[in-house]
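What follows is a single structure, written as structure tokens, with notes after it.
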Amino acid sequence: MTQTHPQNRRLGYARVSTYGQTLDAQLEQLRGAECTKIYREKVTGAHNDRRELLKMLKGLAPGDVVTVTRIDRLARSTFDLFATVKQIVDAKAQFRSLAEPWADTGTSTGRLMIAVLGGLADVERDLIRTRTAEGRSRAQKRGQHMGRPPKLTGAQKAEARRRRAHGATLDELARSYGVGKSTISRITVAT
């Protein structure tokens, strides 16, 4: 059975970063904007695990209007904002911010601004990618190991190879070093 949604539901999203802060001011503004259902949470915007936001996005129906008091309540970066608003628009819903009238996908200006945000998000993603690559390159030049630290030291690897050559099983070696069989297998195959 498919679930039907009333047309043009007014949904609000309120978020504060810490448990010491209160949602009261945002809730009052969202109620004043005639939001009939308000998703609320106390979690930093840097977290991707914002359950209430995800629940709201998953339940969007065409014609719904998602309202926030300010865009920083929804996202912490241009890329994050664009991705979230795109998800709303892709569901054929609208997005608007009470403090930023330009951030209203129900208007031509708002749609233009979202397109501009998309371009800025691409630039931001490229800058992050470039900075990450430059940092990785500098670290490698300094001789820093990239990725997770090895589970076994060079001496342990050499010993494991010797023991394997003398008949020790992968299970025995894995148990004795406290690692998985695949770790031992990669070491002994590399000889």
With θ taken as phi - 60° and the coefficients 6.51, -1.76 and 1.60, list the Karplus ³J(HN,Hα) couplings across the stretch 177-183 in order, rounded to whole Hz; mark glycine and proline as x. 9, x, 10, x, 4, 5, 4
Could you work out how far helix 78-90 tilts from the main Cα principal axis of the chain, as a 0 to 90 degree angle to the nearest 10? 60 degrees
Please report the net charge: other residues with Cβ closer than 10 Å to the Cβ of Ala61, K and R +1, D and E -1. +1
Val43 and Thr107 label points (each 7 Å along its Cα→Cβ direction) are spaced in nm at 3.1 nm
At most 15 other C-beta atoms within 10 Å and a DSSP loop state: those are the exposed trypsin sites (Lys or Arg not before Pro) I care about. Give me the longest piece of the chain that has none. 1-69
Roughly how many Å² is the accessible area per residue of the stretch 50-121, as a whole number, for a 1.4 Å probe? 48 Å²
So what's the Cα pair-distance distribution over the stretch 44-191, bin width 5 Å, in %? 2, 8, 13, 13, 9, 7, 6, 7, 8, 8, 7, 6, 4, 2, 0
Just the number, please: carbon plus sulfur as a percent of the accessible area of the stretch 132-174, 1.4 Å probe, no ligands or DNA/RNA counted. 49 percent
So the label point goes 7 Å from the Cα of Ser17 along Cα→C-beta, right? Which residues of the stretch 64-108 then have their backbone N under 13 Å from it? 72-77
Loop GluC sites (Glu not before Pro), the stretch 11-86 (other Cβ atoms within 10 Å of the site Cβ: 15 or fewer; DSSP): Glu34
Could you work out how far apart the two model spin labels at Glu134 and Arg76 are, taking each label as a point 7 Å from the Cα in the direction of the beta carbon, and quote it in nm? 2.2 nm
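The values are calculated or read from the model by the stated rules, or taken from the named source; none is laboratory data. Fair warning: this is a prediction, and the values are worked out from it, not measured in the lab. Note: ideal-geometry Cβ built from the backbone for every residue, glycine included; neighbour counts use all protein chains shown. The accessibility values were calculated without ligands, DNA or RNA, using every heavy atom of the protein model including side chains. Shrake-Rupley method; radii C 1.70, N 1.55, O 1.52, S 1.80 Å.
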